[in-house]
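Here the structure is laid out as structure tokens; the discussion comes afterwards.
The values are calculated or read from the model by the stated rules, or taken from the named source; none is laboratory data. A quick note: this is a predicted structure, and the numbers were derived from the prediction, not measured. Cβ placement follows ideal geometry from the backbone for every residue including glycine, while neighbour counts extend to all protein chains displayed.
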Amino acid sequence: FVFCNVILGPQSMLFGDCCPPASLSFFQTPRRIPYDEAVGQEFRPAKVGDSFGPTWETCWFKVELSIPQAWAGQEVHFVWESDGEGMVWRDGQPVQGLTKEGEKTSYILTSSLKESEPHSLTLYVELACNGLFGAGKGSMIAPPDPDRRFTLSKAELVIFNRDVYELLVDLEILLDMAQLLGEENQRSFQALYTANQMVNMCDVTDPSTFPAARDLAAAIFSQRNGKSQHTIHAVGHCHIDSAWLWPYEETIRKCARSWVTVVRLMERNPELTFACSQVSDLPLGDLSFGSWRGVTGSIQEFVAKEQFIPVGGTWVEMDGNLPSGESMVRQFLQGQLFFQEQFGRICSEFWLPDTFGYSAQLPQLMRGCGIRRFLTQKLSWNLVNTFPHHTFFWEGIDGSRVLTHFPPGDSYGMHGRVEEILKTVKNNKDKGCVNHSALLFGFGDGGGGPTQKMLDRMKRMSDTDGLPRVQISTPDRLFSVLEKESSQLCTWVGELFLELHNGTYTTQAQIKKGNRECERILHDVEVLSTLAVARGSAFQYPASQLQRLWRLLLLNQFHDVLPGSCIQLVVEDALQYYTEIRRVGARLQEEAVQSLCRELLQPKAGSTESTLVLNTLPWERTEVISRTGLPGHDGAPDLASGGGLREVRLSPSYWNRAPQTSLGSSHCTPFSTAFLLFFLHCCFSVPLCSRESVPDGCYANQFALFDDVPLYWDAWDVMDYHLETRKPVTMLLKPLEITLAGGLRGSASFSLQIGKSSTLTQEIILDATCPYLRFLTQVEWKEAHKFLKVEFPVQVRSTNATYEIQFGHLQRPTHWNTSWDWARFEVWAHKWLDLSEHGFGVALLNDCKYGASAHGNILSLSLLRAPKSPDATADIAHHQFTYAVMPHLGSFQDAGVIQCAYNMNFPLHAVPASSAQCPAWSAFSVSSPAVVLETVKQASPRGRTVVVRLYEAHGSTVVAWLQTSLPVKEAMLCDLLERPAAQGSLPLEQRGMRLSFTPFRVLSILLVLRQ
Ligand SMILES: [Zn+2]
């Protein structure tokens, strides 16, 4: 200990002589600017001890250095210690990231100063005024402190004593072995006695005594293991959140700092491997910072050497629950195409270590995108149950399986310490089946990556008796060994549900709404543009614009953006991206419709006005549409009907023959909820069902407010104890009033006071022919730590409820028998959830909500939260959303719940047209109601090839015929990356193309069109 104090203390021997910079000056800017622009600015003098800021500013420092001649033969470092995140630039190139928090404060100028080397040089340090984890005021996840100052505490040249450093690492490992291997282990005593001998042998005033001490350490480290020892595959890593406690734009620089540092380390350590996920941040960086190209060049070089290993396969490390099935396909499609273009190969591992749960549809999507392996560790965050495996087969709802590994150290940011190495083996739940596991080392979340010290630790433990073997390895080597050992592995079927962060299904409602709406917009633009191309016009498919919009949508699906666990700056960026998708999407849709229906839209002389209705879904629809906004109409609802992907032109007189539905007269009671009950009763007994849907004494459409104060992760978590604070919302502001008394549409509206200062206005709408009752809802939300839900107690008894997920659905229990059941007190769903018993059920549909639950006979939809960290303004806004209740006879499949949820999310498009007669036209139809045609788009690479994607939605084995009126000359099955399948050719028969489905199977087909 005396030895350590001497070496580490104020008289530290780690560093020798030092010398201040010849000059130090700075320039400050609120923008993130390229190097060339920065160095042309006027720099003012600065000194160590100065502080800079405020938060999010950037300081550029010009540092002129003059290395003393007397330091010949020495290892010379430029040491920089400051708050904030720094990047060193030399000769116009970024060369090294510097952050105290990431244990990187040295830039190695030379490992042995030679006479011939330049002794005078100029460096620039670009200092971002934010920490590795942003700038939270008081705690990491608190909203950023806008006024933080960043102090420069050290800037100097030093002589680095590498032999002292090596001795310190030796001692650290030996002391850890002595402490952690335990008294029962002979090796702990051997390590302790060796360390003691080393201390005795070293004379701190005489460095010539050090090598002999190092030899003692080397002797114990080189005592080998037996053959049976566990092998740890250590892979360098650096988790960089695309946006979280800092904005997207800073992430570009975080990537630059992290990756350039890794490249420097690789130059010095040819064995170092680094798994780089989030590679899509590369083009962002490249676009914004031209001077980055030197870095990407070196990255390519190390990719070729298989040291820098792109992993992931997706565009970003997206949320694993909320993106639609098609969005998830596009995450892989855009990601894998990018990997192919940049690195000449696609990824074979799906890499998603930090996402808040994993959809049970992911195994099939991975397999369809050339991926059979999956790595995460997030389920180690489960609050209630310990996940029983680290290496296992994960089986999705369709039966697809992928080999899955959770690094047993339960982290993606390890430091290569003895403690972590031992935990990796001790904690490993499957060590009876497999003898290999992964260890990911490097600073993460905010970037940073591996350090030299992490590597040096693990070099000493490569094969040391008493410790597991530690190899610097690659994901491919690890999974290849696991595949060989996989015969005894267990299988986990269904979703990987994270028992934490369940508030992320609801937080930042406007981001959720933007996601759902933009998924719909891109769907419709693709369908209509594809049809416009197919109908032989000169229409150009907007491929590059769609790619850009998709990439914005996919970016916002990042695992701290779509879940809403980000700061206000990120929310602003995300909402702006949605605005752009809406704006450009509307224009693209307009262009496609103009091209597709040109003849019908141009008013002809003497023609009367009518309405053209476009349906982008693949089944016939009969719906009431509102013609508000169309010329010559007063907003009175009309009835439109049409077949799959079909444009319908109907003369206004048609409406007169539409069925009339009366909602009955209003008998509103003054009680806040009773009228809802009444309303539901009268609606439910329209032609829908012959039985009551709501039990006696219960109220449907009941709003409830809960206290919502998580233990720590405010925006992320809703804890089970919130359920104990339920307060029904009963304060009526404006009583129920009939707004449309009948005809094709009946509606009624009312207003409620919620909490102290929020209000809710609702219009309840029932349309003729529509089997569900819609609730158009507006909320002025001004709460703090409250959770608003709407509840539907229903007269249904079932132990399981059904929830829509990507390309399918799954069931979760309605009871809390076991800890695994009650840990799912708050779950997620997409467009619908359903509670059914034999012959009858009730479904809840929604247009932009994801949080839900079904406990006993109560279906709840989670509407709004009000967390204060990391965004103090989260969800304090005006909100508009729609949900619907749909009682049904028979099963939800037979009742068409799935189709109804689509209909509500994909409204018919009504455009003014001339009244020239035109036959209805349908592009596609599918013979089975179990099969949903989800996607119609141009194939990539482009040309006159169309991709259509269908899935089996009922959970059944079925043969379906796909019929199309497009001029198809050839059809073949393909994978999700749009690569033709071997023997995938599909004969074109009279009835169409014959397609065989098993439950929840997703099929993609390439249709080559005639010119
Ligand atoms: Zn993350």
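Of note:
- ASP176 falls short on exactly one of the conditions (1) over 41 Å from the mean Cα position of the chain (by Cα); (2) crowded, with 17+ Cβ neighbours inside 10 Å, and that condition is (1).
- Qualifying positions in region 433-489 - within 16 Å of the ligand (Cβ to nearest atom) and not small (Gly, Ala, Ser): LEU440, PHE443, ASP445
- Looking across region 414-433, the residues that are more than 14 Å from LEU467 (Cα to Cα) and either more than 30 Å from the chain's Cα centre (by Cα) or surrounded by fewer than 21 Cβ atoms within 10 Å (Cβ to Cβ) (or both) come down to HIS415, ASN427, LYS429, LYS431, GLY432, CYS433.
- Tallying residues that are within 16 Å of the ligand (Cβ to nearest atom), touching a Pro at 6+ places or on another chain (Cβ under 8 Å) and either without any contact (Cβ under 8 Å) to a residue 12 or more places away in the chain or assigned to a helix (DSSP H, G or I) (or both) within region 555-599 yields 1.
- Top-ranked residue of region 789-847 - restricted to ones that are part of a strand (DSSP E or B) and of a type in the set (D, E, K, R), ranked as surrounded by the most Cβ atoms within 10 Å (Cβ to Cβ): ASP834
- Region 324-346 residues that are within 18 Å of GLU301 (Cβ to Cβ), paired with ones that are crowded, with 23+ Cβ neighbours inside 10 Å (beta carbon under 8 Å, 6 or more apart): PHE339/VAL279; PHE339/PRO310; PHE339/GLY313; PHE339/CYS347; GLN342/VAL279; GLN342/PRO310; PHE343/PRO310
- Those residues of region 216-257 which are in a loop (DSSP other than H, G, I, E, B) and closer than 30 Å to LEU127 by Cα, in sequence order: CYS238, HIS239, ASP241, SER242, ALA243, TRP244, LEU245, TRP246, PRO247
- In summary, strands (runs of 3 or more DSSP E) completely within region 906-1011 and bearing 1 or more residues that are touching a Pro at 6+ places or on another chain (Cβ under 7 Å) and touching a residue at least 40 places away in the same chain (Cβ under 8 Å) occur at 909-914, 924-926, 931-938, 945-952, 1002-1009.
- Hits in region 258-302 - residues which are of a type in the set (A, V, I, L, M, F, W, C), in a helix (DSSP H, G or I) and at pLDDT 90 or above: TRP259, VAL260, VAL262, VAL263, LEU265, MET266, PHE302
- Condition met for LEU705 (surrounded by fewer than 22 Cβ atoms within 10 Å (Cβ to Cβ), touching a Gly at 6+ places or on another chain (Cβ under 8 Å) and assigned to a strand (DSSP E or B)): yes
Table: residues versus (1) buried (at least 23 other Cβ atoms within 10 Å of the Cβ); (2) at pLDDT below 95.
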position	(1), (2)
GLU317	yes, no
PHE332	yes, no
GLY335	yes, yes
GLY344	no, yes
PHE350	yes, no
GLY357	yes, no
LEU362	yes, no
CYS369	yes, no
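- Checked against (1) modelled with pLDDT of 95 or more; (2) surrounded by fewer than 16 Cβ atoms within 10 Å (Cβ to Cβ); (3) not in a strand (DSSP E or B), GLY697 meets all criteria but (1).
- The combined condition, being in a loop (DSSP other than H, G, I, E, B), at pLDDT 95 or above and small (Gly, Ala, Ser), is not fulfilled by SER480.
- Within region 230-255, considering residues that are of a type in the set (A, V, I, L, M), crowded, with 24+ Cβ neighbours inside 10 Å and more than 16 Å from the ligand (Cβ to nearest atom), the one nearest to THR58 (Cα to Cα): VAL235
- Selection over region 360-386 of residues that are away from the ligand (no atom under 16 Å from the Cβ) and in a loop (DSSP other than H, G, I, E, B) gives a count of 11.
- Test: residue in region 12-27 that is of a type outside the set (Val, Ile, Thr) and within 24 Å of GLY134 (Cβ to Cβ): yes
- Of everything listed in (1) surrounded by fewer than 21 Cβ atoms within 10 Å (Cβ to Cβ); (2) out of contact with any His (no Cβ under 7 Å at 6 or more places or on another chain); (3) in a loop (DSSP other than H, G, I, E, B), the single unmet condition for THR507 is (1).
- Consider region 740-770 and keep the residues that are surrounded by fewer than 19 Cβ atoms within 10 Å (Cβ to Cβ) and under 34 Å from the mean Cα position of the chain (by Cα). The one that is farthest from ASN846 (Cα to Cα) is SER757.
- Residues (among the hydroxyl-bearing types (Ser, Thr, Tyr), touching a Leu at 6+ places or on another chain (Cβ under 8 Å) and at pLDDT 95 or above) located in region 885-926: TYR902
- Options LEU24, LEU98, LEU65; residue that is crowded, with 16+ Cβ neighbours inside 10 Å, modelled with pLDDT of 95 or more and closer than 30 Å to LEU175 by Cβ: LEU98
- Residue within region 745-757 that is within 29 Å of CYS566 (Cβ to Cβ) and of a type in the set (Gly, Ala, Ser) present: yes
- Residues of region 134-154 satisfying the condition of being more than 24 Å from PHE27 (Cα to Cα) and either in contact with a Leu (Cβ under 7 Å, 6 or more places away or on another chain) or of a type in the set (A, V, I, L, M) (or both): GLY136, MET140, ILE141, ALA142
- Residue count for region 515-536, restricted to those that are crowded, with 24+ Cβ neighbours inside 10 Å and among the small types (Gly, Ala, Ser): 2
- Residue check for ALA213: part of a loop (DSSP other than H, G, I, E, B) and surrounded by 14 or more Cβ atoms within 10 Å (Cβ to Cβ): no
- Scanning region 449-476 for residues that are in contact with a Ser or Thr (Cβ under 6 Å, 6 or more places away or on another chain) and small (Gly, Ala, Ser) yields a count of 1.
- In region 331-359, of all residues being among the aromatic types (Phe, Trp, Tyr) and closer than 10 Å to VAL311 by Cα, the one that is farthest from the ligand (Cβ to nearest atom) corresponds to PHE339.
- The condition of being more than 16 Å from the ligand (Cβ to nearest atom) and in contact (Cβ under 8 Å) with a residue 24 or more places away in the chain does not hold for GLU420.
- For region 387-397, filtered to residues that are crowded, with 23+ Cβ neighbours inside 10 Å and either in a loop (DSSP other than H, G, I, E, B) or free of Cβ contacts under 8 Å to residues at least 60 places away in the same chain (or both), the residue that is nearest to the ligand (Cβ to nearest atom) is HIS390.
- In a residue-by-residue description of region 892-913, the property of being polar (S, T, N, Q) and either buried (at least 24 other Cβ atoms within 10 Å of the Cβ) or over 25 Å from THR935 (Cβ atoms) (or both) applies to no position.
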